[in-house]
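Notes for the one structure printed next.
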Amino acid sequence: MSAASELFWLGEAGHSAGRWVLARPGASRRRGAVSTAALEQRGVDRALVRQVTAELMGRMEVSGAQLRTPGGVGWLDVHHVPVRRLVAQVVRKLLQLGTHPAFAAVPGAVRPVAGEALVTTRRGSAREYRYYTVTWSAVAYLLGGSLHRNHVYDVGLSRSDAIVPVSGPAQERAAGPAEVVGVSWSSRHAATLVPVLAEVRRRGHSTVLLDLATDPGQQVRAEAAGRVAAVPGWRLRVPGGPDACPEAPTAWGRVATVAGVQVSLERLEFLASLVVGLSAGCTQPSWRASGEVEGWLEQQLAAAQPSAVVVASDINPLGVLAIRAAERAGVAAFNVQHGAWLPGSVSRPALLARYQVVMGERDAVLARQWVERPDAEVHVLGQPRFDSLSGADREGQRAYLLELLLRAGWFGVRRVLVFAAQPVSPGRLREQIQVLASGVRAAGGGWGLVVAPHPAQDADLVELAAAAGGVPLAVADAEIGARGCLAGADAVATLASTCGLEAVLLNIPVLELALPGAETLALAEQGAATACATAQQVTAALNAVEGGSGGPGREAREAVCRWSGTSAADIAELIIDRATPGAATTAPGECSPHARAAEGVRPL
């Protein structure tokens with residue numbers, strides 16, 4: 001939520017001779033003034049937000065096509081995800097503004113709050129991830145308002161980007177020859193790709209893993225991954241947007257109509273350039289950092305001369321750069337789905353690699369909608385991280401959970417609910433924990449709650465959990481996380497964590513925390529979880545588990561993820577097959593256009 005201000009009409013009510021003004025709270029003292037905080041509480045159609053966001057992104061992509069990296073990748077291709085999130089904020093605020101009857105009757109330009117920044121940051125719980133907020137003054141600027149001592153960034157934002165390079169070009173080395181190159185920038189990517197590369201090496205082919213992680217906790221352990229080449233940190237830390245010295249456009253320029261008002265596209269593009277001009281490491285590289293990484297990737301591919309490049313996400317900036325570099329080098333490109341996908345999470349064909357490996361049949365449906373290439377192949381081969389699930393030490397993990405609760409001073413706990421937390425805002429985390437704690441408190445059966453952090457979590461979960469109070473509750477160690485203890489749980493709660501998928505595969509009951517406004521994996525819709533929107537529903541679900549209610553059936557599990565214990569080996573076989581000249585055109589789990597045509601299914 002952005003800083004509160006008040007919107008009021010300066011002029012005679014009901015007449016067009018006047019103007020809309022934003023002012024700090026209490027400054028106007030005018031009858032009919034509406035608080036922007038109140039506007040932000042008004043619900044809007046999420047499907048409409050996605051639709052209008054997609055339309056605006058399309059308009060921006062056409063006009064911004066000339067801004068490209070040295071390798072020829074458009075700035076809105078590289079930064080599509082962060083820019084789309086920013087545009088979605090703008091659209092949501094415009095739709096909320098349109099619900100104000102007085103503004104809807106006389107829409108028009110709005111004067112911003114003097115001195116307010118256009119883009120600010122808000123606290124999040126994910127390491128190396130910056131959460132941007134488009135202020136209401138920025139919305140006023142988009143509607144034609146003139147800036148008056150308005151900074152483009154808040155002070156904390158500009159200071160946070162004064163990063164000193166940690167190394168220089170003289171320290172760089174090429175990785176050397178390798179037949180298959182993997183690209184990783186998070187621990188989840190590494191956990192997905194390392195088993196696959198190991199299987200490739202077992203079949204007699206050389207590999208190298210290019211590690212683009214800037215957070216030490218997300219970097220690859222070389223002893224487990226074979227040969228690793230790490231990007232020099234300075235390449236991902238340099239700031240700089242598409243325009244080296246951007247200035248806020250004063251001209252109106254091209255316009256688009258949103259919620260009955262005209263919005264300047266030039267000004268919207270300027271706001272987007274502010275965001276992509278700042279670097280937050282590998283998760284959100286600046287435009288200039290993207291060019292630096294692109295050059296490094298090209299050097300590595302030129303030295304390796306591979307037959308295949310494989311990533312664990314080809315939607316985010318670094319994945320886009322890696323896949324495009326592979327295409328320019330004439331190398332087969334593969335994307336292995338590392339995390340759960342949500343319907344509506346992309347607004348255009350965004351899966352770039354020709355060969356797409358997905359977890360389950362429901363992901364294959366989305367992949368067919370999202371692939372960019374007409375010759376793309378979609379293969380349902382499961383998730384390599386899950387191959388080892390069948391060997392999970394359930395007794396050891398249960399002992400760990402009970403010991404956590406004992407150390408926290410809770411005795412007599414007989415059943416444990418594990419909450420797989422995610423790196424959302426501290427406020428949302430607190431709300432989620434309180435709902436679960438209230439549900440556990442009211443349940444019978446001696447339930448306890450263990451909150452398990454996400455690998456990228458940076459929030460103090462112990463402090464957030466302490467606010468729940470009065471219920472058996474403990475926080476798992478960060479190095480253990482949900483993946484390291486969920487096999488010992490009696491039930492697992494999640495919103496959109498892949499740990500929910502793991503619990504489904506292990507036949508552990510899953511509570512899908514479907515709080516208002518929250519996105520989930522929609523496991524409940526497939527009979528793989530129980531939807532819980534309130535503490536009372538959490539209690540009911542836990543009592544059902546106590547009464548003998550088991551996990552999901554086999555059909556639901558198969559839809560969520562194909563699980564044979566051989567995903568890494570199957571994906572390695574696919575990579576070798578497709579990257580070999582004159583290779584066969586079929587493979588287990590294939591869902592290519594040719595295969596579907598043969599089955600009477602319409603090709604992509």
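The values are calculated or read from the model by the stated rules, or taken from the named source; none is laboratory data. Computed from a predicted structure; not experimentally measured. Heads up, the Cβs are rebuilt from the backbone with ideal geometry, glycines too, and the neighbour counts pull from every protein chain shown. Accessible surface is based on the protein model in full, side chains and every heavy atom, while ligands, DNA and RNA are left aside. Shrake-Rupley method; radii C 1.70, N 1.55, O 1.52, S 1.80 Å.
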ask   = Can you tell which of Gln369, Gln305 is at pLDDT 95 or above and out of contact with any helix residue (DSSP H, G or I) (no Cβ under 7 Å at 6 or more places or on another chain)?
value = Gln305
ask   = assigned to a helix (DSSP H, G or I) and under 19 Å from Gln300 (Cα atoms): does that describe Ala178?
value = no
query = For the range 393-429, which residues satisfy the criterion of being surrounded by fewer than 16 Cβ atoms within 10 Å (Cβ to Cβ) and assigned to a helix (DSSP H, G or I)?
reply = Arg394, Glu395, Gly396, Ala399, Glu403, Leu406, Arg407, Gly427
request  = Return the residue satisfying two criteria in turn: it lies in the range 116-134 and is farther than 16 Å from Ser5 by Cα and not in a loop (DSSP other than H, G, I, E, B), and of such residues it is modelled with the lowest pLDDT.
outcome  = Ala126
task = Give the residues of the range 381-392 that are among the aliphatic types (A, V, I, L, M) and open to solvent by less than 10 Å² (accessible area, probe 1.4 Å), sorted by residue number.
result = Leu381
Gly330, sole failed condition from (1) open to solvent by 60 Å² or more (accessible area, probe 1.4 Å); (2) over 25 Å from Gly74 (Cβ atoms); (3) part of a loop (DSSP other than H, G, I, E, B) = (2)
remark   = Within the range 93-115, residues being basic (Lys, Arg) and closer than 17 Å to Thr250 by Cα number 1
ask   = Restricting the search to the range 347-372, which residues are touching a residue at least 40 places away in the same chain (Cβ under 8 Å) and either assigned to a strand (DSSP E or B) or more than 19 Å from Ile571 (Cα to Cα) (or both)?
value = Ser347, Arg348, Ala350, Tyr355, Val357, Val371
request  = Mind listing whichever residues of the range 191-217 are open to solvent by 10 Å² or more (accessible area, probe 1.4 Å) and either free of Cβ contacts under 8 Å to residues at least 60 places away in the same chain or not small (Gly, Ala, Ser) (or both)?
outcome  = Val194, Pro195, Glu199, Arg201, Arg202, Arg203, Gly204, His205, Ser206, Thr214, Asp215, Pro216
message = Out of the residues in the range 518-534 meeting the condition of being hydroxyl-bearing (Ser, Thr, Tyr) and in contact (Cβ under 8 Å) with a residue 24 or more places away in the chain, tell me which one is most open to solvent (accessible area, probe 1.4 Å).
response = Thr534
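Conditions tested, residue by residue: (1) in a helix (DSSP H, G or I); (2) surrounded by 22 or more Cβ atoms within 10 Å (Cβ to Cβ); (3) in contact (Cβ under 8 Å) with a residue 60 or more places away in the chain.
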{"site": "Ala37", "(1), (2), (3)": "yes, no, no"}
{"site": "Arg42", "(1), (2), (3)": "no, no, no"}
{"site": "Gly72", "(1), (2), (3)": "no, no, yes"}
{"site": "Gln89", "(1), (2), (3)": "yes, no, no"}
{"site": "Leu95", "(1), (2), (3)": "yes, no, yes"}
{"site": "Phe103", "(1), (2), (3)": "yes, no, yes"}
{"site": "Gly108", "(1), (2), (3)": "no, no, yes"}
{"site": "Ala114", "(1), (2), (3)": "no, no, no"}
